[in-house]
1. From other protein chains only, count the Cβ atoms within 10 Å of every residue's Cβ in B:31-42, then give the mean.
2. Let me confirm one metric for peptide B:87-94, namely the mean number of other chain beta-carbon atoms within 10 Å of its residues' beta-carbons.
3. Could you order the peptides A:137-150, B:56-69 from most to least packed, using the average number of other C-beta atoms within 10 Å per residue?
4. Taking the solvent-accessible surface of protein heavy atoms with a 1.4 Å probe, what is the per residue accessible area of the range A:1-58 in Å²?
5. For the pair A:R71 and B:A18, how long in nm is the line joining their label points, each one 7 Å along Cα→Cβ?
6. How much FRET efficiency would the formula 1/(1 + (r/R0)^6) give for B:L74 and B:E130, where r is the Cβ-Cβ distance and R0 is 45 Å, rounded to 0.05?
7. Relative contact order for chain B using alpha-carbon pairs under 8 Å, separation at least 6, rounded to a whole percent?
8. In the neighborhood of B:T58, defined by Cβ-to-Cβ distances under 10 Å, what is the net charge if each Lys or Arg adds +1 and each Asp or Glu adds -1?
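The values are calculated or read from the model by the stated rules, or taken from the named source; none is laboratory data. These numbers come from a predicted model, not from an experiment. Don't worry about glycine lacking a Cβ; one is built from the backbone with ideal geometry, like all the others, and counts go over all protein chains shown. These accessible areas exclude ligands, DNA and RNA; they are computed on the full protein's heavy atoms, side chains included. Shrake-Rupley method; radii C 1.70, N 1.55, O 1.52, S 1.80 Å.
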Amino acid sequence: MSEAPDAAELTLRGQGAMQQGRYEDAARAFHGALRLAPDVDGLYFHFASALVWRGLPTEALPSLDHCASMRGPWARRAGELATQIRRQLALPVHGMMIMPACSSSSQESTATGSPTPSPDTTLTGSPPSTLRLGAAWNAVAARVQRRREGAVGRRKSDDPT
Amino acid sequence: MTRRDVKDLLGAPPDDLAGAAPVGVLEVVVLRFLARVVHADGHIDPRELELLLSVAETMALDGHEARLILEDELARRSDAAALARQIADPVYQRRVFALGCLMAISEGHLDSAERDVLDAFARGAELSPEAAKEILDEVAKSSGQ
């Protein structure tokens, strides 16, 4: 009987799955690794990354926030990615508890206080989503139209009169 | 293997976020939903795949990224309700749902599998059955179905 994989093996599986575009498998592997090695901050980042690629960005945010709060080597990138995701999802950017104090423009906060507002975030609003659907709609609508025209053309050719 | 091994495997954090996430996070959600609709019956033909790729292009998704995401989606179907919950704005949820309806009827008919996917998205978006039907009917009407 084979032994259960350890954190390193699961990490390798996750990395391999990410390279192959198998994002759900990657997320599962990183999650398994996290359960075995919860003190490795980079695993939270990779788990979150897999979730984002899997189309679940909101579910990635808690891991990114936790990674940032651990103030380890991955904290800065985790905070940046969380901010990027929140902007794209039009969520309040200040939703993070703690931001890494790594640049003059970053927010400083305590575990219990609210973050200091920065010029590009607000406490009540956030930049609107820039999701563009108009062109996507037109592409699908054009397909519908072509199909209809093709069907009409076939009916006419079938009708000898 | 030790925790140190895990850290060694992960290496140092990257210099930037390239690769950590797709360029368009919401666009990926939309693309996955549309693919989920098209692939509802377990089949997808080349024209449908081409349509998905063209839609991805309109949303400014990188072609290579789009192909990876579509391959993953076709292999591991997403939960449409979970996808809906990624979109915070109810207006956008409705728009994405409408786009899904249009994609579903793009072949001229709406089968039960596609309807199930649309229903799941509507539930995730907390759209009432009446509101969902209204959107579907409007899309069908506007597309001449």
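1. Values: counts 2, 3, 1, 2, 1, 1, 0, 0, 0, 0, 0, 0.
Counting other chains' Cβ atoms within 10 Å and averaging over B:31-42 gives 1.
2. Details: counts 6, 8, 5, 0, 1, 5, 0, 0.
Partner-chain Cβ atoms within 10 Å, mean over residues of B:87-94: 3.
3. Values: A:137-150: 15.8, B:56-69: 17.6.
Packing order, densest peptide first, comes out as B:56-69, A:137-150.
4. With all protein chains present, the range A:1-58 gives 43 Å² per residue.
5. Between A:R71 and B:A18, the simple spin-label model gives 3.2 nm.
6. Numbers: r = 32 Å, r/R0 = 0.71.
Once the sixth-power term is evaluated, E becomes 0.90.
7. On the way: 122 pairs, mean separation 38.9, N = 145.
Dividing the mean separation by the residue count of chain B yields 27 percent.
8. Details: positive: A:R132; negative: B:E27, B:E57.
Spelling it out: positives minus negatives among the neighbours equals -1.
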